[in-house]
1. For the stretch 324-375, what's the relative contact order in percent, using C-alpha pairs closer than 8 Å and at least 6 residues apart?
2. Mean residue ellipticity at 222 nm from the helices of the chain, using -39,500 (n - 2.57) per DSSP H segment of n ≥ 4 over the full residue count, to the nearest 500 deg cm²/dmol?
3. Students often get this wrong: which residues of the stretch 327-353 have the backbone nitrogen under 20 Å from the point 7 angstrom along Cα-to-C-beta of Glu231?
4. Please name which of Thr334, Ile310, Val163 has its Cα lying farthest along the dipole of the chain towards the positive end, using unit charges on Cβ (Lys, Arg +1; Asp, Glu -1) and the Cα centre as origin.
5. Between Phe82 and Arg393, what is 0.36 nm times their sequence separation minus the Cα-Cα distance? Round to one decimal in nm.
6. Just to check I understand the Karplus step: with θ = phi - 60° and J = 6.51 cos²θ - 1.76 cosθ + 1.60, what whole-Hz values come out for the stretch 366-379, glycine and proline as x?
7. If you count the DSSP beta bridges with both ends in the stretch 325-438, what percent of them are antiparallel, to the nearest 5?
8. With just the Cα atoms defining each centre, how far is the stretch 111-175 from the stretch 269-303? Give it in Å.
Amino acid sequence: MAVQAPVTFMFQPEMETLPRERLAALQLERLRRTVRTAYDNVAHYRAAFDSAGVKPEEVRSLDDVAALPFTVKDDLRRNYPFGLFAVPRQQVIRLHASSGTTGKPTVVGYTRDDLGMWGDLCARTMVAGGARPGDIVHNAYGYGLFTGGLGYHYGAERLGCTVTPMSGGNTERQIVLIQDFGADVLCCTPSYALNIAEVADREGVDLRKAPLRLAVFGAEPWSEAMRKEIEERLGIRCQDTFGLSEILGPGVAAECEERAGLHGWEDHFLFEIVDPETLKPLPAGETGELVITTLTKQALPMIRYRTRDITRLTDEPCGCGRTHLRLMRITGRTDDMLIIRGVNVFPSQVEAVLVGFPGVEPHYQLVVSREGVYDHLTVEVEAVAALPQAEYRRVGADVGHHLKSMIGLSCTVAVKAPGEIPRSQGKAVRVRDVRKKA
Ligand code: ADP
Ligand code: ZN
């Protein structure tokens, strides 16, 4: 008998391994349908297409998507709350709103089919990271308007896990339940996991001895250095996932166990990279702004949504056997990019230098102020408890030198006493802008 090669466990193996030509054919069929429905049912899309001089029937190939108008967050705000829905409101059985990290929240809606698809994609996403049916899933993503909590909740149920719908906050209680229930999988933001690790340390609890083996992270940028830190402190594997409420919520893309980028689920989304300045599509493999078109969403179809997230794509075969392209780790969003004396930096690049640096804890905040005509950056880091106050200045100077030599950043480093940097309850606030608005 022939020995069969071990097969990666997948939630929807047939779809996840669909040959790329068949995937492209499916995408085109779905794209044409989405464009038609959006045009026929949403006044905003009709007006945008008409003023760009394109008609739905002119989409004949996947490349034709480049002729379609972009959709931006402001379009959702201008059509607040339900103006972009493509189905009668009675068919929208769930509402969510984005967390409003960068302004007024935007409302999104789901039909029954949308919720089914969302559950499937969150289940796929969790399996890609290493979750399995029967696992106990401790879900510490916020429940409520934020898509994180309910998104993963339904994904975990769909997969056949036992879900603890914990939501964020009350970290001491989370630690008790993770141990008492014997959670296998933790779902939360990386910054909140660090908070859990810290509180556990303080309470003398060694979570490395608990059954917990995997964390499904997402919702914010984080560095490889942070992955290593949290993996060591909790004794688990930490996997990255990506999503955004305007497109779906969690479950848009998932890192597999190869850790070579995040598979974007192409049977439901069309991914493009454009130059954020010129908005022209960039050649394959180049870094730029991620643009996503939904291919199956009924309530809220999104045509060429500008995510503002910076990444690059690859469709090279992946060792896991999934055929869907991969998004390289998201370094940050254009809104969070700082330009300090001509140097462009994302908070996650600063994080990569700080985490693991001798004498400081992996907690930080970036404070942007104005000095004359220049923006000035102060990096606030926290001293480890054992560091004598007399050493703060020296450690700050060391950190400053490293930031300068590793990423070319000139800044002031302020070393704070233990506990002085606010801890994350969900999405961490990494930048404080104290510039006087002109
Ligand atoms: P808001 O735009 O109000 O923050 P969302 O809660 O929908 O609303 O957040 C989606 C955003 O979160 C993404 O556009 C991206 O900037 C960020 N994000 C989500 N997952 C990741 C990830 N794995 N890595 C980096 N950033 C992420
Ligand atoms: Zn893979």
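1. 27 percent
2. Working: 11 runs with 131 residues, N = 438.
After summing the helix terms and dividing by the residues of the chain, the value is -9500 deg cm²/dmol.
3. Counting only backbone N, you get 327-331, 348-353.
4. The Cα lying farthest towards the positive end belongs to Thr334.
5. Here the answer is 106.6 nm.
6. Rounded to whole hertz, the list is 10, 10, 9, 10, 10, 10, x, 8, 9, 7, 10, 10, 10, 9.
7. Restricted to the stretch 325-438, the bridges split so that about 60 percent are antiparallel.
8. Cα centroid of the stretch 111-175 versus Cα centroid of the stretch 269-303: 26 Å apart.
Throughout, read-outs are computed from the coordinates displayed, never taken from laboratory work. Fair warning: this is a prediction, and the values are worked out from it, not measured in the lab. We place every Cβ from the backbone using ideal geometry, glycine too, and count neighbours over all the protein chains shown.
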